[in-house]
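Report on the following structure.
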Amino acid sequence: MGRVEGKVALAVGAGGGIGGAGAEGLGREGAAVMCADVDGAAAEATAARIRAAGGKAAAMPLDIRDRAAVDAAVAATVATFGRLDILFESAGIAHRTHFLDLDADTWQRILAVNLTGMFHLGQAAARQMVKQGGGGTIINVTSQLAEVARPDRAAYVASKGGTRSLTQAMAVDLAAHNIRVNAIAPGPALTGLTRASYPDDAARRATEVLIPLGRIGMPEDLVGAVLFLASDDSLWCTGSTVTVDGGYNAI
């Protein structure tokens, strides 16, 4: 039996990268997965891979800046699979600009997706979990940049610091409903969001020398943490952040 057998998950940002890998991991371990992404075709491709492997999955496009669309995604998950037990929230955007050149529109756009979108999803999912009873688990993808800063990333760093604090606040408020809320903080990982940061082997090696385990992460490296937080293995874990960064923040 899989670690999340019989559970229903809404995986957001499931079109690829960490979100796609996590969605497929949940599907392999027995969850029925609604795959949502701003790129609806990419979400459907992930759902198709889950189904091809023998799992249950459906897909839909979703812009998490739109609260009505978020509420509809939760409702669609329940209509399709009967309930909602797991929210895996990995949608996010990034932008590199020096703080002195950062414009207000870019600032607002990054916070709207990375922080406000997480609020929309977490609240909508939690309300459904409270309504149906039985608790649930919410997994937010933040970043190791929630704890440290790097040049030219002020808006992204601020948004990720906010997501870490939001995760803790949600955990405190939702504990009485047996809804656990935790976060995963990836380190440097090769995804669609970060690929532009590593345009060649030299750029990649420059980062890898800073990682004690000696390599940049891959989306699959995060799946174990997703399954730990989604399953009963983490029954007494809430308000925590699991850092998966190859030791990057340790030095």
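For the stretch 160-193, the candidate set comprises residues that are out of contact with any helix residue (DSSP H, G or I) (no Cβ under 9 Å at 6 or more places or on another chain) and without any contact (Cβ under 8 Å) to a residue 24 or more places away in the chain; within that set, the residue that is nearest to residue 144 (Cα to Cα) is 169. Taking the listed residues 200, 233, 173, 245, the one that is of a type in the set (Asp, Glu) and within 25 Å of residue 46 (Cα to Cα) is 245, with no other qualifying. Being free of Cβ contacts under 8 Å to residues at least 40 places away in the same chain and either among the polar types (S, T, N, Q) or surrounded by 14 or more Cβ atoms within 10 Å (Cβ to Cβ) (or both) is the filter here, so list the residues in the stretch 67-99 that pass it. Selection gives 69, 72. Listed by first and then second residue, the pairs linking a residue in the stretch 1-30 that is farther than 22 Å from residue 189 by Cβ to a residue that is surrounded by fewer than 22 Cβ atoms within 10 Å (Cβ to Cβ) and of a type in the set (Ser, Thr, Tyr), with Cβ atoms under 6 Å apart and 6 or more places separating them unless they lie on different chains, are 3/231; 4/231. The criterion of being over 28 Å from residue 100 (Cβ atoms), surrounded by 18 or more Cβ atoms within 10 Å (Cβ to Cβ) and not aromatic (Phe, Trp, Tyr) holds for residue 182.
Of all the numbered requirements in (1) under 23 Å from residue 177 (Cα atoms); (2) touching a residue at least 40 places away in the same chain (Cβ under 8 Å); (3) of a type in the set (D, E, K, R), residue 147 misses one, and that requirement is (1). Checking the stretch 171-184 against the condition returns a match, with at least one residue being farther than 20 Å from residue 92 by Cα and touching a Cys at 6+ places or on another chain (Cβ under 8 Å). Does the stretch 121-142 contain at least one residue that is of a type in the set (Ser, Thr, Tyr), touching a helix residue (DSSP H, G or I) at 6+ places or on another chain (Cβ under 9 Å), at pLDDT below 95 and at negative phi? Checked the stretch 121-142: at least one residue is of a type in the set (Ser, Thr, Tyr), touching a helix residue (DSSP H, G or I) at 6+ places or on another chain (Cβ under 9 Å), at pLDDT below 95 and at negative phi. Within the stretch 128-143, the residues that satisfy the criterion of being surrounded by fewer than 16 Cβ atoms within 10 Å (Cβ to Cβ) and in contact (Cβ under 8 Å) with a residue 24 or more places away in the chain are 132, 134, 135.
Table: residues versus (1) more than 29 Å from residue 144 (Cα to Cα); (2) under 16 Å from the mean Cα position of the chain (by Cα).
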residue	(1), (2)
58	yes, no
62	no, yes
65	no, yes
89	no, yes
93	no, yes
99	no, no
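Applying the criterion of at least 2 residues that are at pLDDT below 90 and of a type outside the set (D, E, K, R) to the helices (runs of 4 or more DSSP H) found wholly in the stretch 145-251 leaves 201-208.
Yes or no: the stretch 228-235 includes at least one residue that is surrounded by fewer than 19 Cβ atoms within 10 Å (Cβ to Cβ), under 30 Å from residue 6 (Cα atoms) and in contact with a Phe, Trp or Tyr (Cβ under 6 Å, 6 or more places away or on another chain). Yes; the residues of the stretch 228-235 include at least one that is surrounded by fewer than 19 Cβ atoms within 10 Å (Cβ to Cβ), under 30 Å from residue 6 (Cα atoms) and in contact with a Phe, Trp or Tyr (Cβ under 6 Å, 6 or more places away or on another chain).
The values are calculated or read from the model by the stated rules, or taken from the named source; none is laboratory data. From a predicted model like this one, the values you see are computed outputs, not experimental measurements. Note that we place each Cβ from the backbone using ideal geometry, even for glycine, and neighbour counts take in every protein chain shown.
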